Amino acid sequence: MAAALAGLGLGLSLIIAIGAQNVFVLRQGIRREHVLAVVIVCAVSDAVLIAAGIAGLGAVLEVVPWLVDVVRWAGAIFLVGYGMLAARRAWRPTGALTVGEQPEGGEPAPASGPRLRSVLLTALALTWLNPHVYLDTVFLLGSIASTWDEQRWLFGAGAMLGSVLWFTALGFGARYLGRWLSSPRAWRWLDAGIAVVMVAIAVSLVWPA
């Protein structure tokens with residue numbers, strides 16, 4: 001039990017931070033758009049990365065450090081592109097961003113298949129193209145888990161549970177912000193903030209130490 005609680009605490013401490021993935025989950029939660037699918041993708045991705053770290057992928061990446069640089073630049077390019085799209089939405093908002101377009105009952109209109117695929121691909125990219133995920137989840141968490149010896153998988157299970165709890169709370173709890181974001185002006189400010197966060201994270205990835 002101690003190992004699981006330690007993993008839960010470390011997992012939450014690593015994931016509860018302003019980052020590209022969290023911003024995206026928050027935005028989807030506020031829009032009530034494919035929230036469950038996004039939460040599942042993020043939680044399962046974290047579980048796979050945690051398991052890989054515990055299984056020893058961190059040691060492999062230490063032998064081939066240039067892979068981290070590849071992911072770093074790929075992630076930075078993707079984040080800049082996503083940030084530019086958010087800036088465009090803030091500059092020229094569309095009706096699809098307003099909460100007021102939801103039908104009565106507060107549920108959003110069903111989205112098309114391509115839209116769901118686009119959302120899932122974005123969630124995957126924000127997770128797997130983020131080098132911080134490998135540094136924190138694979139290297140750091142994996143190395144700490146190894147100190148628990150036979151209980152390292154209990155430690156990992158606790159960390160995985162932390163991801164599930166966080167993404168579920170962030171995605172489904174965001175809908176309560178809807179009343180503060182019921183106008184196009186509020187969405188413009190939200191998208192402007194998303195653009196700034198995304199570009200800032202991208203710069204931090206490639207800025208010389």
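Here, each number is a calculation from the coordinates, and none is a lab measurement. Treat the numbers as computed from the prediction; the structure is a model and nothing was measured. FYI the Cβ positions are ideal-geometry reconstructions off the backbone, even for glycines, and counts take in every protein chain you see.
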Check your understanding: So, in nm, how far is label ALA55 from label ILE77 when the simple model puts each one 7 Å beyond its Cα toward the Cβ?
Key -> 2.8
Revision key, fill the gap. Residue separation between TRP91 and LEU5 times 0.36 nm, minus their alpha-carbon distance, gives in nm 26.5 nm
Exercise for review: Return the FRET efficiency for the residue pair GLU150, LEU120: r is the Cβ-Cβ distance, R0 is 35 Å, and the value is rounded to the nearest 0.05.
Suggested key: 0.45
**Study point:** Per-pair calculated FRET efficiency, R0 = 22 Å: ALA200 and ASP69 via Cβ, rounded to 0.05
**Key:** 0.65
